[in-house]
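The values are calculated or read from the model by the stated rules, or taken from the named source; none is laboratory data. Treat the numbers as computed from the prediction; the structure is a model and nothing was measured. Positions of Cβ are generated from backbone atoms using ideal geometry, with glycine treated the same way; all protein chains shown enter the neighbour counts. Calculation scope for accessible area: heavy atoms of the full protein, side chains included, ligands and nucleic acids excluded. Shrake-Rupley method; radii C 1.70, N 1.55, O 1.52, S 1.80 Å.
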Amino acid sequence: MGLYIANVIFKDGEIIKVLIDRISNAGEDSKEKYDNYGIKKVSSINKDWWEQVAYYEDWVLEHGIDAVKYDNNGHAENVDLISGATIGIDDLTLAVLDALKVKTAPDVITLSYSDHEPLGNMRTKFLNDVLFPAIEKESNGRIKITPHWNGELSSSYKALPTVQEAKIAQLAVVVPEYFMDTLPLHQVFKSFPVGPTGQEQVNFFRSIYEKIPALKDEIEKQNLHVIFVATGFPAAFFSHEPLNDLSSIKNQKWRSASFWHKDFLSNAGAIPVTMPWGNKVFEALADGSLDGLIVNIDSGYDIKAHTEAKYVAVSPKLWLGHAYLIAMNKNVWNSLSEKEQEAFERAANFAYSQLGDVMNAALHEQIERLQADGAEVRILSDKEVSEWERITKYKDIQGKWLQEKIGAGFIKTPEVLEETRRLIGRD
């Protein structure tokens, strides 16, 4: 019978050529015989072996190897193949399948993703259920993301160097506030007490690197490429006492993690308190050493803050400027073909188109869970939100921060703040 050999040639992940030959038991190359093989003169279609194999190669290239169908007796039943080849094609098909097995394993690009949060919240579920499957789909299965959650590979404070090294993970979520000196320009997002909501917020982060090139430069200097920017829930006030007016926090002790919000609290007349996030915050609410806290509404729910501070005031406009950068090692990004990079971009565009509705629905569900647990949730009016923005004096805080960072040499492009103000609609 001899040995059938197939070469399947790929370019940018797609098959561009199929070549098949047969080496006889005597070591003779069947294709090299050309018209001297001896089949042409007895063939009902007047084609020699190499011509029939060439027809089969072209047919498989056009239709795919899976299009070869067999009957119950194991014989090919495709009319096109039978009309183009009188030789048996079973061995030809097996040779192509064997070649594809060799090609498939190393051809799939598997990238590890690291996230410090567990799978289950709005952001992580969205990445796992929407973005990552979209990347695999848009790349026709060539690119697979293997996610690792809950700090399995790296903590939040080590995410940036983890991606820079790209040894244990080629992608990770990088939170700018954990790298204030490394990513100083990215801190401006959180300096706004009020910002866009839903899809408008998604669109803001989606286009920010194109509209403010200095932000992209800051990322690329860290050997990173951002493939997607995820966002989080808005801020909420969790209070012991009813918050009929946000000015009632004056002279009360309030906790917030953001250095921006500590200044907001001070300007509102409250006493900002610093303490580690977790049980200590819950205990402080329980024993009265804290009157309340400002935090993203889902985090407050996670530590059951509402069981001790049941009065919750929230508005979708009280954004926290959350920018969860889904970043890839830049060298890894550059190693991808143009078609593979385009697959990432299409997947990101699809995910962005879904995220606004997901955020709105998830916030509504979060509020319902709080109410079901006994919290009294009040949605702040636009007037109250504007008043909170006014009393925080956030522009004064931004200006002071900017001058400090310029003086320390961390920021050389002060116009970024003004451009961000314009894009957010707070100029």
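For region 240-318, please list each of the strands (runs of 3 or more DSSP E) lying entirely inside it that holds at least 3 residues being more than 29 Å from GLU200 (Cβ to Cβ). Steps first, please.
On the way: elements: 253-255, 271-273, 292-296, 311-314.
Hits in region 240-318: 271-273.
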Can you say whether GLY232 is open to solvent by less than 40 Å² (accessible area, probe 1.4 Å) and either at pLDDT below 95 or of a type outside the set (Val, Ile, Thr) (or both), as far as the supplied structure shows? yes
Could you tell me which of the residues LYS400, LYS317, LYS412 is among the basic types (Lys, Arg), on the phi < 0 side of the Ramachandran plot, surrounded by 13 or more Cβ atoms within 10 Å (Cβ to Cβ) and more than 17 Å from the chain's Cα centre (by Cα)? LYS317
In the set GLU338, GLU365, which member is more than 15 Å from ILE297 (Cβ to Cβ) and surrounded by fewer than 20 Cβ atoms within 10 Å (Cβ to Cβ)? GLU338
Which ones in region 244-272 are under 10 Å from GLY292 (Cα atoms) and touching an Asp or Glu at 6+ places or on another chain (Cβ under 7 Å)? GLN252, LYS253, TRP254
Of the conditions (1) out of contact with any Leu (no Cβ under 6 Å at 6 or more places or on another chain); (2) in a helix (DSSP H, G or I); (3) touching a residue at least 60 places away in the same chain (Cβ under 8 Å), THR124 clears all except one; give me its number. (3)
Test ASP357 against the criterion of being more than 28 Å from LYS144 (Cα to Cα), touching a residue at least 40 places away in the same chain (Cβ under 8 Å) and exposed (fewer than 14 other Cβ atoms within 10 Å of the Cβ), and give yes or no. no
Close pairs (8 angstrom Cβ cut-off, 6 or more residues apart or separate chains): on the phi > 0 side of the Ramachandran plot in region 366-387, of a type in the set (A, V, I, L, M, F, W, C) and open to solvent by less than 80 Å² (accessible area, probe 1.4 Å) anywhere: none
Spans of helices (runs of 4 or more DSSP H) in region 326-427 with at least 3 residues more than 26 Å from SER156 (Cα to Cα): 338-372, 382-392, 394-407, 415-424
Test for ILE135: is it among the β-branched types (Val, Ile, Thr), closer than 25 Å to ARG346 by Cα, in contact with a strand residue (DSSP E or B) (Cβ under 6 Å, 6 or more places away or on another chain) and part of a helix (DSSP H, G or I): yes
Here the residues within region 156-181 that are part of a loop (DSSP other than H, G, I, E, B) and open to solvent by less than 50 Å² (accessible area, probe 1.4 Å) are ALA166, ALA169, GLN170, VAL175, PHE179
